[in-house]
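The values are calculated or read from the model by the stated rules, or taken from the named source; none is laboratory data. None of these values were measured; they are calculated from a predicted model. So basically every Cβ, Gly included, is an ideal-geometry build from the backbone, and we count neighbours across all protein chains shown. The protein model used for the area step is the full one, side chains on, heavy atoms only, and it has no ligands, DNA or RNA in it. Shrake-Rupley method; radii C 1.70, N 1.55, O 1.52, S 1.80 Å.
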Amino acid sequence: MSRTWWRGAAIYQVYLRSFADGNGDGVGDLAGLRGRLPYLKELGIGAIWLNPWYPSPMADGGYDVADYRDIEPVFGTLAEAEKFIAEAHELDIKVIIDVVPNHSSTESAWFEQALSDRSVRERFWFRDEPNDWKSIFGGSAWTQVADGQWYLHLFAPEQPDFNWENPEVHQEFEDVLRFWFDRGVDGFRIDSAALLFKSENSYEDLDEVHDVYRRWREIADSYGERILIGEVWLPDQERFARYLRPDELHTAFNFDFLSCPWDPAELRRVIDLTLATHAPIGAPPTWVLSNHDVTRPVTRYGRADTTFAHGGALHGTPSDLELGYRRARAAALLAMALPGCVYVYQGEELGLPEVEDLPDVVRQDPMYARSDGANPGRDGCRVPLPWSGEEPPFGFGTGTPWLPQPETWRKLTAEAQAADLGSMLNLYRSALALRRDLLGDGTLTWLPLGGPGVLAFTRESGLTCVVNLSSEPVRLPPGEVLLVSGPLEDGTLPPDTAAWVS
Ligand code: GLC
């Protein structure tokens, strides 16, 4: 891979609990992931980003970290993680892990010490009186401890927020970064990256956070080509871009694109805005269609309202899954053709829909419980992957998966799709292979083609991407058709379909 591998990378997100189970306990693990590395190699991705793999009581799927320097025993051991990193590297696949600097777990050593010893409470936000802040997961953002003080948790009560005014917290995380860089990881995805500092009346995007990332960048650079990726949900592009200045983070997730409806004018607006935001600072944009927090695209694009809405607002509204599937295929070709990095969330390449009918008793996401069931939470995009066979657990492992898989997924297993040339899996494989040579980092030029319902642009390699979001078929430009998301009709591109033409 080139020296600047991260500028055009295709990054596959592994939600470890649901990827593949190697030991039969119904929960995905490192053994399962190691066994499936050849699948990821064949898929054609350049890097893996793993959600948190640290010891955790799993109050928030591992985003409640009890120990930043070890591996959750359900997932494996530190030695196994090191083996996994080495094996991925042998296949020329980079490894990016999650770091969670905003909060830890109530079961972390630091928090347990803070409970028994007031003199070390300054590592967290303890106060005699709570303020009126609400938790992002619902309910108050404060929980009272036995001696009467309250601690802040922007998320679940099991996730106490660190106090970044305390230099000890800085030292701790700098050391954690080094710990994992020393073990060979190629980068970090930084959870809740804009929330670290708090003032009396705000916890979002305070200026002090930038000094933290400048320091982290120095550390990353001291290891060579390493990458820092921010989870920065900020509607203000100017504020967003500050995280990507040349001495701060390398990239950040594009949540505008992820939330954008299937609408040509809106998509064009978001793409142009993204490019305009990134160009002056020289950072590559990222193109993200889904992750472990949001509704899967097949379901979202099949609804009347195709935006992604937080809080599960559209959960259960009717979805035409055939239409959603067709659009998700076209969206994949769009995302993979755009200049910069692309993310693929596990199962996206299988065209999995959101599982909207999980029985309430199996739901584990704290969003569900903390909203008294008003918000169904994010379990529906975290259902264990179907690998093979005719019935659950579909080759996920030998045990009963921690969330039940729909029977209908027999048609969606990786095995079934590998054998079907027209499958989503084979579309992703073909697209990622072409992308490696012809796309990735760079710029685009819009083409005036087919009217306002059509997005068409060329890339430096000469590849043209055409996406038809209108209701009429569109004539393709002359050239060789390299890939289509659905069959052409009399040589024209049907609605909700995309093509790559050379
Ligand atoms: C991020 C993660 C999400 C988690 C939250 C709190 O948004 O993506 O899964 O619940 O942070 O850590």
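Within the stretch 303-329, the set of residues being more than 16 Å from the ligand (Cβ to nearest atom), farther than 28 Å from Asp441 by Cβ and within 21 Å of the chain's Cα centre (by Cα) comprises Thr306, Thr307, Ala313, Leu314, His315, Gly324, Tyr325.
Listed here are the strands (runs of 3 or more DSSP E) enclosed by the stretch 105-219 that have at least 3 residues being within 16 Å of the ligand (Cβ to nearest atom) and either of a type in the set (Val, Ile, Thr) or open to solvent by less than 30 Å² (accessible area, probe 1.4 Å) (or both): 187-190.
Within the stretch 89-98, restricting attention to residues that are more than 11 Å from the ligand (Cβ to nearest atom) and on the phi < 0 side of the Ramachandran plot, the residue that is most open to solvent (accessible area, probe 1.4 Å) is Glu90.
Among residues of the stretch 224-258 being of a type outside the set (D, E, K, R) and open to solvent by 30 Å² or more (accessible area, probe 1.4 Å), the one that is modelled with the lowest pLDDT is Pro235.
Per-residue answers, yes or no, for (1) open to solvent by less than 60 Å² (accessible area, probe 1.4 Å); (2) modelled with pLDDT of 95 or more; (3) farther than 18 Å from Tyr39 by Cα:
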{"position": "Ala414", "(1), (2), (3)": "yes, yes, no"}
{"position": "Ala418", "(1), (2), (3)": "yes, yes, no"}
{"position": "Leu425", "(1), (2), (3)": "yes, yes, no"}
{"position": "Leu432", "(1), (2), (3)": "yes, yes, no"}
{"position": "Gly440", "(1), (2), (3)": "yes, yes, yes"}
{"position": "Leu447", "(1), (2), (3)": "yes, yes, yes"}
{"position": "Gly451", "(1), (2), (3)": "yes, no, yes"}
{"position": "Leu455", "(1), (2), (3)": "yes, yes, yes"}
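Touching a strand residue (DSSP E or B) at 6+ places or on another chain (Cβ under 8 Å), at pLDDT 95 or above and open to solvent by less than 30 Å² (accessible area, probe 1.4 Å): is that true of Gly28 in this structure? Judged against the criteria, Gly28 is not a match.
In this structure, Glu82 does satisfy being farther than 30 Å from Met367 by Cα, open to solvent by 50 Å² or more (accessible area, probe 1.4 Å) and in contact with a Lys or Arg (Cβ under 6 Å, 6 or more places away or on another chain).
Here Ala337 meets each of (1) out of contact with any helix residue (DSSP H, G or I) (no Cβ under 6 Å at 6 or more places or on another chain); (2) of a type in the set (Gly, Ala, Ser); (3) within 16 Å of the ligand (Cβ to nearest atom); (4) under 23 Å from Ala433 (Cα atoms) with one exception, condition (3).
Cβ-Cβ distances below 7 Å connect the following pairs, each with a first residue in the stretch 211-223 that is modelled with pLDDT of 95 or more, a second residue that is assigned to a helix (DSSP H, G or I), and a separation of six or more residues or different chains: Val212/His170; Arg215/Glu174; Trp216/Leu177; Ile219/Glu174; Ile219/Leu177; Ile219/Arg178; Tyr223/Phe181. One residue stands out in the stretch 269-291 among those that are crowded, with 21+ Cβ neighbours inside 10 Å and away from the ligand (no atom under 16 Å from the Cβ): the one that is nearest to the chain's Cα centre (by Cα), namely Trp287. In the stretch 261-375, counting only helices (runs of 4 or more DSSP H) that sit wholly within it, the ones holding 3 or more residues that are under 19 Å from Asp60 (Cα atoms) span 366-370. Just so you know, in the stretch 33-58 the residues that are more than 19 Å from the chain's Cα centre (by Cα) and within 16 Å of the ligand (Cβ to nearest atom) include one that is nearest to Leu91 (Cα to Cα), and it is Pro55.
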